[in-house]
1. In the range 45-90, what is the volume of the convex hull around the alpha carbon atoms, normalised per residue and reported in Å³?
2. Quick one: Kirkwood hydrodynamic radius for the range 1-84, alpha-carbon pairs, angstrom, one decimal?
3. For the range 166-210 and the range 11-40, write down the distance between their C-alpha centroids in whole Å.
4. As an exercise, identify the chymotrypsin sites (Phe, Trp or Tyr not before Pro) in the range 121-207 lying in DSSP coil whose Cβ has no more than 14 other Cβ atoms within 10 Å.
5. Please give, to one decimal in nm, the separation of the simple spin-label points placed at Thr167 and Glu112, each 7 Å out from Cα toward the Cβ.
6. Sort 32-38, 99-105 for me by packing, meaning the mean count of neighbouring Cβ atoms within 10 Å per residue, highest on top.
7. Check each of the GluC sites (Glu not before Pro) in the range 173-222 and keep only those in coil by DSSP with at most 16 other C-beta atoms within 10 angstrom; list them in order.
8. Among all the lysines, which ones have a C-alpha under 23 Å from Lys235's C-alpha, if same-chain residues fewer than 8 places away are not counted?
Amino acid sequence: MLTALGSDVGKVREINEDHVYLSEQYPNGSYIAILADGMGGHLAGEIASKTAVEIIYQELHPFVANARNINELKYVLEEAIEKANSVVYQKSMKDERYRGMGTTIVAAIVNEDEILLGHIGDSRAYLIDSEKIQQLTSDHSLVNELLKSGQISEKDAINHPRKNILTRALGTDEYVKVDMNLLPWKKGQTLLLCSDGLTNEVSDQKIFELVNLTPENPNHVVERLIFQANQAEGKDNISVILIHHG
């Protein structure tokens, strides 16, 4: 497999509150990929995203290294995200500076045959091949709820004034529901994890085109995606993780 990651502050924000992690390949062929987009007051979002990513990795690492198959890791990943939620929440309760902080999370464990995803918030996972782009996660956002209920159109959703309001986040409540997904994948497909700093600026169609220019060179793809988001308006931090099943 071929992998790459990148994170950029964008053109407007002073601090990058996103945090990304991508492991080396484990002896059993697996990878861990984690992306978080923090939110809160001064530095709080950065604390939330960094804490969440570190906790999830620490919880996953010993199990992924010894796993015989990915299916047995489903509850491990879910519990790791739930633990991260608890830690971030407790931090926010103990320190007034961090009150109300939280983060999105999209975490993946992959091997040659399958992708296991855990997700909260509006950071996304996509599966891309030469024919199509498929969004694997569903945004936990007010705009997505309005869209699903038919109250607004897809066109309305693009520039909706309340687009940044989440209906679910990691660390903002004592308990949180994690969306879990296990799916097959095959050679030629690319897994993309990204923050909304990319998807608010670059359309799914454009992402599809950029990934398929050189899918076998993930570093170039990541650079192009971040460049494209900054060329638009770069209003938010932009983070991307790519794993190409080559």
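1. Values: hull volume 2.6 nm³, N = 46.
Normalising the Cα hull of the range 45-90 by residue number yields 56 Å³.
2. Numbers: mean 1/r = 0.0713 Å⁻¹.
It is 14.0 Å.
3. 12
4. Details: sites: Tyr126, Tyr175, Trp185; in loops: Tyr175, Trp185.
Here the chymotrypsin sites (Phe, Trp or Tyr not before Pro) that fit, given the DSSP loop and packing criteria, are Tyr175.
5. Label at Thr167, label at Glu112, 4.1 nm between them.
6. On the way: 32-38: 28.4, 99-105: 25.4.
Those peptides, ordered most packed to least, come out 32-38, 99-105.
7. Details: sites: Glu174, Glu201, Glu209, Glu216; in loops: Glu174, Glu201, Glu216.
Passing both the DSSP loop test and the Cβ count: Glu174, Glu216.
8. The reachable lysines, counting only those whose Cα sits under 23 Å from Lys235, are Lys11, Lys50, Lys155, Lys163, Lys206.
Read-outs throughout are calculated quantities, based only on the coordinates presented, and are distinct from any laboratory measurement. Owing to the predicted nature of the structure, the values given are computational and were not obtained by experimental measurement. Please note: Cβ atoms are built from the backbone with ideal geometry, for glycine as well, and neighbour counts cover all protein chains shown.
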